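Inspection log for the structure reproduced underneath, given as structure tokens.
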Amino acid sequence: MNVSLRTIKTAFKSALLAVSLLYFAILCLNEGRISDALPFLPICLFVSFILIILGVGFTIVPFYYLGKKNPIPKIGKKFFPLYAILSFSFCLIFTVMSGFMAANVILGIAYITAMFAWIWFFNLDKNKIN
Amino acid sequence: MNKNIPLIASSLIFSLLFFKQNIGLNFLLFSTLTIALLFIFNTKQFKTIKVLTAALVFLATATFVFIYNTTLSIISSIIAFFYLLGTLSEVHSSVYIQLLNGFFSSIASGFSMYYNRFLEETEAVKKKSIDYVYWLKMIGIPTIVLLVFVILYRSANPYFDELLNKIDFSFINFQWILFTTLGYFLLLNITNPITIESATAFDLITANNLNKDDIKPQSSENLGQENQLGIILLVLLNMLILFFLVTDTIYLSHLTDLNASDLSRTVHEGIYALITSIVFAIGIILYFFRGNLNFYKKNKNLKVLTTLWIGLNIVLILVTTYKNYLYVSFHGLTYKRIGVFIYLLLSIIGLITTFIKVYATYNFWFLCRKNISIGFAVLLISTTINWDKLITKYNTQYAENIDFDYLIGLSDNNTLILKEYVDVITNEPPISAQNQITHKYNQYCKNLQDNNWQELVFDNLILKP
């Protein structure tokens, strides 16, 4: 599987995850009804997909090229600690800087999505085999 | 034992202790709970002295959070917690790797385990490993039976019915669930301490000594030239620093004549210049003693000049310490001025470890290990001091000019001592400052009274209503 396809597939899965987490969070924090936010879902999914494609492209793909000589799952395992530490620090710094409640939830979701995006990106072939 | 049961119970306790609460007794209780959990899941590792020490250090810092409740004590306690986790994950690694491993475990151990499982297991095995019927039986049947009996007992006994009606589950909302999930995630992470494999493996195989065989060979001509360059550079640098020290000492005698703003500017500019010069000094020494020059037979002069330069840098630090001391004796202590003293202390330690590195032929990793360990120890020691109280006590007793606005703006740790000062020496602080201190004291007493049991601090025991 080439990098572009891998990026798109990862971004789609991650966008679904991020939007469902965000939808659930907004719904519960605002005590609204499930149907209230439904019309906004497609556009939210589209925006998330674009943002995550950029995120994966700029933060995960460079690691793929950095360790290209190794098998793909090994690259993932090797650089995962660095990626996790950087992602967490980035989210934490922005949470502290923004200083409002919603930022905690949004950046928390961003961190979880980033971690899963990494796992999916480096394991897509594995899924296919299974 | 099923791991999830203690983890779920602990995450409920986590919510009980921290949900919508300020930091206080809850931090100490949670630290004890964490150590207990770590002991349950890592009993074998807890038999080593290093792990036990790390656990004690963490518990001690958590106790200081209860006593002083300052940001510094909380940060130190979190760092001590990373140290404990890192020690559990790999007991023999260096302190900086342990801190890194502890941090990594706290934020991503769960994801890492999931990722590894993803790598190792096939989907078929995974499906087999989750027995849904078993879990349905284990959770569903007891719940249904319990509900039936509750309904029966409620109709049988009006007191029981009344009691059940009084139970208030209104605290369970989305935020509470989110918070508890966060607690579960944190506890899941910390009960499985993991390592950053590449960094830990590199650290374990890297000794402190510089090995001649590991260094790329260099021709004797090149080495001679590098040695010469080092000697010329260090002679010039030594002369320059010597000249600077002479002028600085002359300037020092006029320091007492300066007004407050000039003195402040002089001290601050001196510190900034010192920071840069110390970093450059260590950098230059590390550059020359990075490899073959350590084993060069004619390096004696270079070593002597390096020692002299380190010595003169230490003198420079002492002169700056004196300037800072003068500044403090005029205008009192502040956090920034204490920070300067601590920085100067760490600089001296840094220079001494660099000297040891040069003479004992150690490598760069020796410097990292020693300096980070010492920095960590200094941080832990600084947690044991009530800085606000110390600043207030010093300034009210020794400083020539007291900045009451600064003292009032400090945390509540100095409230009692300020109140005592105002009560004893009634004529000294201006009336407005006295009013502000009384207001601060009353507000603090009210806050202490309003504290829940989770938020209790040491002062709650002193100021009993």
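The values are calculated or read from the model by the stated rules, or taken from the named source; none is laboratory data. None of the values given here were measured: they were computed from a predicted structure. Heads up, the Cβs are rebuilt from the backbone with ideal geometry, glycines too, and the neighbour counts pull from every protein chain shown. Just so you know, the surface numbers come from the protein's heavy atoms only, side chains and all, with ligands and any DNA or RNA stripped out. Shrake-Rupley method; radii C 1.70, N 1.55, O 1.52, S 1.80 Å.
So here's what we get for this one:
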{"read-out": "Test result for B:ILE385, open to solvent by 40 Å² or more (accessible area, probe 1.4 Å) and either among the polar types (S, T, N, Q) or part of a helix (DSSP H, G or I) (or both)", "value": "no"}
{"read-out": "Some residue of the range B:399-415 being part of a helix (DSSP H, G or I) and within 30 Å of B:GLY311 (Cβ to Cβ)", "value": "no"}
{"read-out": "Conditions (1) among the basic types (Lys, Arg); (2) touching a residue at least 24 places away in the same chain (Cβ under 8 Å); (3) part of a loop (DSSP other than H, G, I, E, B); number of the one not met by B:LYS50", "value": "(3)"}
{"read-out": "Selected residue (criterion: farthest from B:LEU17 (Cα to Cα)) from residues of the range B:159-179 that are modelled with pLDDT of 75 or more and open to solvent by 90 Å² or more (accessible area, probe 1.4 Å)", "value": "B:TYR159"}
{"read-out": "Sole exception among (1) within 12 Å of another protein chain (Cβ to nearest Cβ); (2) farther than 22 Å from B:THR34 by Cβ for B:THR181, by number", "value": "(2)"}
{"read-out": "Any hit, the range A:43-55, residues being within 14 Å of another protein chain (Cβ to nearest Cβ), within 26 Å of B:PHE179 (Cβ to Cβ) and crowded, with 18+ Cβ neighbours inside 10 Å", "value": "no"}
{"read-out": "Subset of the range A:12-29 that is over 13 Å from A:PHE116 (Cβ atoms) and open to solvent by 60 Å² or more (accessible area, probe 1.4 Å) - its residue that is farthest from the other protein chains (Cβ to nearest Cβ)", "value": "A:ILE26"}
{"read-out": "Those residues of the range A:74-86 which are of a type outside the set (Val, Ile, Thr) and either within 9 Å of chain B (Cβ to nearest Cβ) or closer than 14 Å to B:TYR115 by Cβ (or both), in sequence order", "value": "A:LYS74, A:GLY76, A:LYS77, A:LYS78, A:PHE79, A:PHE80, A:PRO81, A:LEU82, A:TYR83, A:ALA84"}
{"read-out": "Among (1) touching a residue at least 40 places away in the same chain (Cβ under 8 Å); (2) of a type outside the set (A, V, I, L, M, F, W, C); (3) within 19 Å of B:SER198 (Cβ to Cβ) - the single one B:ASN116 does not satisfy", "value": "(1)"}
{"read-out": "Scope the range B:14-28; condition without any contact (Cβ under 8 Å) to a residue 40 or more places away in the chain and assigned to a helix (DSSP H, G or I); matching residues", "value": "B:LEU28"}
{"read-out": "Among (1) without any contact (Cβ under 8 Å) to a residue 40 or more places away in the chain; (2) open to solvent by 80 Å² or more (accessible area, probe 1.4 Å) - the single one B:ASN301 does not satisfy", "value": "(1)"}
{"read-out": "Verdict on B:ASN427 being on the phi < 0 side of the Ramachandran plot, open to solvent by 90 Å² or more (accessible area, probe 1.4 Å), at pLDDT below 85 and polar (S, T, N, Q)", "value": "yes"}
{"read-out": "Index of the failed condition, B:HIS92 passing every other in (1) assigned to a loop (DSSP other than H, G, I, E, B); (2) within 14 Å of another protein chain (Cβ to nearest Cβ); (3) modelled with pLDDT of 80 or more", "value": "(2)"}
{"read-out": "Candidate set: the range A:56-73, residues that are part of a helix (DSSP H, G or I) and modelled with pLDDT under 85; chosen: the one farthest from the other protein chains (Cβ to nearest Cβ)", "value": "A:ILE72"}
{"read-out": "Condition check for B:LEU305: within 27 Å of B:SER94 (Cα to Cα), assigned to a helix (DSSP H, G or I) and either in contact with a Phe, Trp or Tyr (Cβ under 8 Å, 6 or more places away or on another chain) or hydrophobic (A, V, I, L, M, F, W, C) (or both)", "value": "no"}
{"read-out": "Single residue of B:ILE205, B:ILE271 found to be open to solvent by 80 Å² or more (accessible area, probe 1.4 Å), closer than 30 Å to B:LEU99 by Cβ and of a type outside the set (Gly, Ala, Ser)", "value": "B:ILE205"}
{"read-out": "Of the criteria (1) in contact (Cβ under 8 Å) with a residue 12 or more places away in the chain; (2) of a type in the set (D, E, K, R); (3) open to solvent by less than 90 Å² (accessible area, probe 1.4 Å), which one B:LYS216 fails", "value": "(3)"}
{"read-out": "Output for the range B:234-244, where each listed residue is buried (at least 16 other Cβ atoms within 10 Å of the Cβ) and either touching a Gly at 6+ places or on another chain (Cβ under 6 Å) or among the aliphatic types (A, V, I, L, M) (or both)", "value": "B:LEU234, B:LEU237, B:ILE241"}
{"read-out": "Boolean, B:LYS50 is open to solvent by 50 Å² or more (accessible area, probe 1.4 Å), touching a Ser or Thr at 6+ places or on another chain (Cβ under 7 Å) and more than 14 Å from chain A (Cβ to nearest Cβ)", "value": "yes"}
{"read-out": "Residues that are away from every other protein chain (no Cβ under 14 Å) and either at positive phi or touching a Leu at 6+ places or on another chain (Cβ under 9 Å) (or both), drawn from the range B:184-227", "value": "B:LEU187, B:ILE190, B:THR191, B:GLN218, B:LEU223, B:GLU226, B:ASN227"}
{"read-out": "Boolean, B:ILE356 is assigned to a helix (DSSP H, G or I), within 30 Å of B:THR200 (Cβ to Cβ), open to solvent by less than 60 Å² (accessible area, probe 1.4 Å) and free of Cβ contacts under 8 Å to residues at least 40 places away in the same chain", "value": "no"}
{"read-out": "The range B:161-220, residues that are hydroxyl-bearing (Ser, Thr, Tyr), in a helix (DSSP H, G or I) and more than 30 Å from B:SER11 (Cβ to Cβ)", "value": "B:SER198, B:SER220"}
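Rundown of residues vs (1) open to solvent by 60 Å² or more (accessible area, probe 1.4 Å); (2) among the hydroxyl-bearing types (Ser, Thr, Tyr), yes/no style:
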| position | (1), (2) |
| --- | --- |
| B:TYR398 | yes, yes |
| B:ASN413 | no, no |
| B:GLU420 | yes, no |
| B:ILE431 | yes, no |
| B:LEU448 | no, no |
| B:ASN460 | no, no |
